[in-house]
Structure formats: C-alpha cells, structure tokens
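Working notes for the structure below.
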Amino acid sequence: MSVHVRPATPADVDAVVAVGHATWPATYTPIAGEEYVRRGLAEWWSPEGTARAITAGRVLVSESGGQVTGVATYSIDGDVVDLWKLYVVPEAQGTGAGAALLDAVVTGPGAGAGEIRLAHMAGNDRARAFYERHGFTETHRSADELGGPDSVWMRLPLRK
C-alpha cells in the first residue's frame, strides 16, 4: 500500500476528526480512562479547531487508496517546530504512514528549524518507541493539562 502525504485542505476536516476518533479511544482509554478520552476528543479534535488548524496551514495528512489514514499537526515557535499530533488509524499502522508524516514535518516546516519537540503521554510505550527509533530523546516531563499521566517531552535536533 503506497502512502502519500499532503497538506490538509478544508475538505479534509471530517476525515482528520475521524482519525482522532479512531485512534484516541484505543490509545488512551487503557492509560488515562474513558473520561480523559471524551474530554480530549472534545477539546483537541473538534471540527471547528481542526478547521482553524487546517486553514492556518498547520496540518498534514497521509493517504492510501484515496483515504486519509493519518494526521500530523504542528506549529512553529522561532526555530522550533512543535509537533502536537501524529496519529495513524489502526488499520494503517505499520504501513509507513507515521514515518512518512514525520518525514514530511522534518523536511517541510522543519527544514529551517533547529529542532522538533513533542510530548507523548507517559505509558504510551508504542509512541515512545516510534519517536526513539526516529532519533528523539526525552528532555523532561510535565503534568498533563487534562489530568492524565505526565506528558513526556522529547526533542529531535535538526542542525548539527
């Protein structure tokens, strides 16, 4: 299955929101509980917030067979790219979609940056392993803003 990454368009809002609804329950319910998932989906995966991020040009999607299979959302703070979301629907995990999205962030908005930073939830061992395979290292931990397990902050230096 070939993976294509492109900037999201306003027509992708529902598909991007669907990625969140396909990934969050399976990923976070065992770690943080159903209420955390409900609140996170409402706050971070709303159609309105998703549309704003897409309009701002901060969302990439992966596609396979014409279907959106994953999403990466980022912002730029000086010479740092903050990767806020990187999710791939369960049926497309292991196809290279996550790596393609990450590579698109590194070579796109990250091209002139000094580093990429991100946070994943403590206990999300699959995310940690993925980011470590791609060169990220842990820098610190902080309290989760919705009351879940700590946020584990990681960085990938882009300049030698």
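The values are calculated or read from the model by the stated rules, or taken from the named source; none is laboratory data. All values derive from a computational prediction rather than experimental measurement. Neighbour counts run over all protein chains shown; Cβ positions are idealised from the backbone, glycine included.
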Condition met for Val81 (over 27 Å from Glu35 (Cα atoms), crowded, with 21+ Cβ neighbours inside 10 Å, under 17 Å from the mean Cα position of the chain (by Cα) and at pLDDT 95 or above): yes
Test: Thr27 is under 21 Å from Gly123 (Cβ atoms), hydroxyl-bearing (Ser, Thr, Tyr) and not in a strand (DSSP E or B): yes
Residues being among the aliphatic types (A, V, I, L, M), in contact (Cβ under 8 Å) with a residue 24 or more places away in the chain and exposed (fewer than 13 other Cβ atoms within 10 Å of the Cβ) - total across segment 132-154: 0
Selected residue (criterion: surrounded by the most Cβ atoms within 10 Å (Cβ to Cβ)) from residues of segment 23-54 that are hydrophobic (A, V, I, L, M, F, W, C) and under 18 Å from Ala8 (Cα atoms): Ile54
Failed criterion for Ser2 (all others in (1) polar (S, T, N, Q); (2) surrounded by fewer than 19 Cβ atoms within 10 Å (Cβ to Cβ); (3) in a helix (DSSP H, G or I) hold): (3)
Odd one out for Asp79 among (1) touching a residue at least 60 places away in the same chain (Cβ under 8 Å); (2) more than 20 Å from Arg126 (Cα to Cα): (1)
Enumerated strands (runs of 3 or more DSSP E) restricted to segment 68-160, each holding at least 3 residues that are of a type in the set (Val, Ile, Thr): 80-88
Flag for Arg128 being crowded, with 16+ Cβ neighbours inside 10 Å, farther than 16 Å from Gly98 by Cα and within 17 Å of the chain's Cα centre (by Cα): no
Residue tally, condition touching a residue at least 24 places away in the same chain (Cβ under 8 Å) and either under 17 Å from Thr23 (Cα atoms) or in contact with a Ser or Thr (Cβ under 7 Å, 6 or more places away or on another chain) (or both), over segment 103-125: 6
